[in-house]
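Before anything else, here's the structure in question.
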Amino acid sequence: MTPQPLIAAAELQQALQGAATDLLVLDCSFDLADPAAGRRAYAAGHIPGALYVSLDDTLSSAKTGRNGRHPLPERAIFARAMAALGANADTAIVVCDNAGGMFAARLWWMLRWCGHADVRVLDGGMAAWQAQGGALEADAPAARAAGRFALRDSLVATIGYADLLAQLGSGERLVVDARAADRFRGENETLDPVGGHIPGAVNRFFRSNLGADGCLRPAATLRADFLALLGDRTPSSVVSQCGSGVTACHNLLALEVAGLPGAALYPGSWSEWCAQPGAPLASGA
């Protein structure tokens, strides 16, 4: 049975006290403006036993100029990286960050992409952990023995540029863009060479999923928000995208919490889309 996608800080504290559980905590704190900041934050203090996973080094592959800013690695390569960290097929994995789940949601999605169901996001991340009185350690944790993390059937859906382009305008898909409203409109673009959005897309800024405490808003609230966005569409018609396939996973996480699974990720997102010759572009609200 697939576990709930979130775990509260108090629940994680209790789980870490249970020696019999094969539990792995992965910290993927990051800062798009300062790629080394996440590793520094981890080194300064992390959840006891947690291992660090970098967006650039583990959760992305090499850029070609046409495949977006954070292209997905091959599933087999990512699976080997998880095994090297000590993950097994039945390991309970908790992922966290210091950015409201912005990067943890990407790792949550990627583990499910590889068929690993037992993965949860620490709700509220490092701030919630500390607010709950959780201890931090600065020393590097003892290395775990290599695990037997095996690829299984994917638990998530994806769509590529060519397929999305072919379906654009047909009414088959609702493209939901997780970027801030100004970047969606094509204003204040600082990360990609071209501003704007995929034609026909609607905007759902991923931070709208969070409450004032940095935790995800209640499931019923998220469900009402997304149902209003979907109208008469089903979740399986949704394509979630953002700038580079990272914060789009936050909307997918929120949909899962809301009980509306089935949406697909466009991994390349706007950074791939705008790099394709002749790709249709839109701007404004």
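Read the figures in this text as sums done on the coordinates, not as results from a lab. This is a predicted model, so every value here is computed, not measured. Neighbour counts are summed over all protein chains in view; Cβ atoms, including those assigned to glycine, are modelled from backbone coordinates with ideal geometry.
How big is the gap, in Å, between the Cα center of the stretch 214-244 and the Cα center of the stretch 159-206?
15 Å
Assuming a viscosity of 1.306 mPa s and a temperature of 10 °C, what translational diffusion coefficient in µm² per second does Stokes-Einstein assign to the stretch 6-131, Rh being the Kirkwood radius over Cα pairs? Provide the component values of the computation, followed by the final result.
Values: Rh = 14.8 Å.
Using the Kirkwood radius from Cα pairs, D works out to 107 µm²/s.
Evaluate the relative contact order of the chain (contact order divided by residue number), counting alpha-carbon pairs under 8 angstrom at least 6 apart; express in whole percent.
Numbers: 578 pairs, mean separation 62.1, N = 285.
RCO, the chain: 22 percent.
What relative contact order, as a whole-number percentage, does the stretch 91-206 give when Cα pairs under 8 Å and 6 or more residues apart are counted?
Relative contact order for the stretch 91-206 comes out at 21 percent.
Further question on the same structure: Less than 15 Å Cβ to Cβ from residue 236, Lys/Arg counted +1 and Asp/Glu -1: what total charge do the surrounding residues give? Each step should come with its number before you reach the end.
Values: positive: 173, 233; negative: 163, 172, 232, 256.
The answer is -2.
Nearest 0.05, what FRET efficiency do residue 137 and residue 81 give at R0 = 25 Å with Cβ-Cβ as r? Could you put the intermediate results ahead of the total?
Values: r = 23 Å, r/R0 = 0.92.
Once the sixth-power term is evaluated, E becomes 0.65.
Then there is this: Once you keep just the Cα pairs under 8 angstrom separated by 6 or more residues, what percentage relative contact order results for the stretch 6-131?
Numbers: 187 pairs, mean separation 40.4, N = 126.
Relative CO of the stretch 6-131 lands at 32 percent.
Follow-up. Find the all-direction average of the projected area of the Cα convex hull for the chain, expressing the result in square nanometres with one decimal place.
14.4 nm²
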